[in-house]
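Student: I have a structure I would like to understand better, so I am pasting it below and will then ask my questions one at a time.
The values are calculated or read from the model by the stated rules, or taken from the named source; none is laboratory data. Because the structure is a prediction, the values reported are computed rather than measured. Note that we place each Cβ from the backbone using ideal geometry, even for glycine, and neighbour counts take in every protein chain shown. Just so you know, the surface numbers come from the protein's heavy atoms only, side chains and all, with ligands and any DNA or RNA stripped out. Shrake-Rupley method; radii C 1.70, N 1.55, O 1.52, S 1.80 Å.
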Amino acid sequence: MPDARTLHPGHELILGGQRSGKTRRAEQLAADWLATPGHEAVIVATATVSDDEMRRRIERHRADRAATLARAGCIEEPLAIAAVIAAQSAPQRLLVVDCLTLWLTNALWPAIVGLDAPALDDAGFDAACRELCTALRAAPGPVVLVSNETGLGPVPADAATRRWLDALGQLHQAVAASCARVTLVVAGQALAVKR
């Protein structure tokens, strides 16, 4: 069996649309990583329970992970993912952040998702984005980040959604610059964007 480190050279950003298979790809990378003795994996889940449908979705993700990644740990953290990466990254440990899209929503609109935190203004978002990229560059172990590619459609009619999409595009560009690999998943198929 090849060294699992060669299967994950550095960090990877996985982008894709809703139900594209991006989380499944990240979980498969984690399963491959765990196949090597001494390797660990931790899922960093950013979702919050904002309504009944999201509660069911989170419960389904927990059950799926328990079935497919029983050896992986899980940290549920809606906002402080840079701190989690800094504290948890280790050469033998793969971190999977799922997902940046929800993290951005939590940071820009915390009240909507039920978080008791201040909403980030543009300067606060820029600082949080820099903090995340700094944590990625300093991480001694591999990190896989999952996010929705939502900027391919028309320009939204409202200013709040336009700001969110602009911030997501900025976030994707910054994180992609900090990752050795960027993969776009379409209909379950992984397309290499950056290798």
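Student: Note down the net charge around residue 11, summing +1 for each Lys or Arg and -1 for each Asp or Glu among other residues with Cβ under 10 Å from its Cβ.
Tutor: Once positives and negatives cancel, what remains is +1.
Student: Which length gain, in nm to one decimal place, applies between residue 116 and residue 131 when the Cα-Cα distance is subtracted from 0.36 nm times their residue separation?
Tutor: 3.3 nm
Student: While we're on this one: Give the percent of DSSP beta bridges with both residues in the chain that are antiparallel, rounded to the nearest 5. If you can, show how the numbers build up before the last one.
Tutor: Working: 6 of 30 bridges.
Taking every DSSP beta bridge with both residues in the chain, the antiparallel ones total about 20 percent.
Student: Here's a follow-up. What does the charge count near residue 25 come to, summing +1 for each Lys or Arg and -1 for each Asp or Glu among other residues with Cβ under 12 Å from its Cβ?
Tutor: Once all neighbours under 12 Å are counted, the net charge is -1.
Student: Which percent of the accessible heavy-atom area of the chain goes to carbon and sulfur, probe 1.4 angstrom? Please list the in-between numbers first.
Tutor: Details: 5410 of 9560 Å².
Accessible surface attributable to carbon and sulfur in the chain totals 57 percent.
Student: Also, quick follow-up: Over the stretch 81-195, with the other protein chains present, what is the accessible area per residue in square angstrom, probe 1.4 angstrom?
Tutor: Numbers: 5350 Å² over 115 residues.
On a per-residue basis, 47 Å².
Student: Using a Gaussian network model of the chain with C-alpha springs under 10 Å, which one of 61, 11, 172 is most mobile by mean-square fluctuation?
Tutor: Greatest mean-square fluctuation among the candidates belongs to 61.
Student: Note down, for the chain, the three equivalent ellipsoid semi-axes (square root of 5 times each alpha carbon gyration tensor eigenvalue), biggest first, whole angstrom.
Tutor: Details: eigenvalues 133, 66, 59 Å².
Taking √(5λ) for each eigenvalue gives 26, 18, 17 Å, largest first.
Student: Can you give me the relative contact order of the stretch 100-177 as a percent, contacts being Cα pairs under 8 Å and 6 or more apart? Write down the numbers at each step before the final one.
Tutor: Values: 43 pairs, mean separation 27.1, N = 78.
This gives 35 percent for the stretch 100-177.
Student: Helix 22-34 against the longest principal axis of the chain: what's the angle in degrees, Cα atoms only, rounded to the nearest 10?
Tutor: For 22-34 against the chain, the angle is about 30 degrees.
Student: I've got another one for you. Could you compute the FRET efficiency for residue 194 and residue 90, with r as their C-beta to C-beta distance and R0 at 30 Å, rounded to 0.05?
Tutor: Given R0 = 30 Å and the Cβ-Cβ separation, E is 0.75.
Student: Any chance you could check the Cα centroid distance between the stretch 88-127 and the stretch 37-55 for me, in angstrom?
Tutor: 13 Å
Student: Considering only the other residues whose Cβ falls under 14 Å of the Cβ of residue 52, what net charge follows from Lys and Arg at +1 and Asp and Glu at -1?
Tutor: On the way: positive: 55, 56, 57, 60; negative: 51, 53, 59.
The answer is +1.
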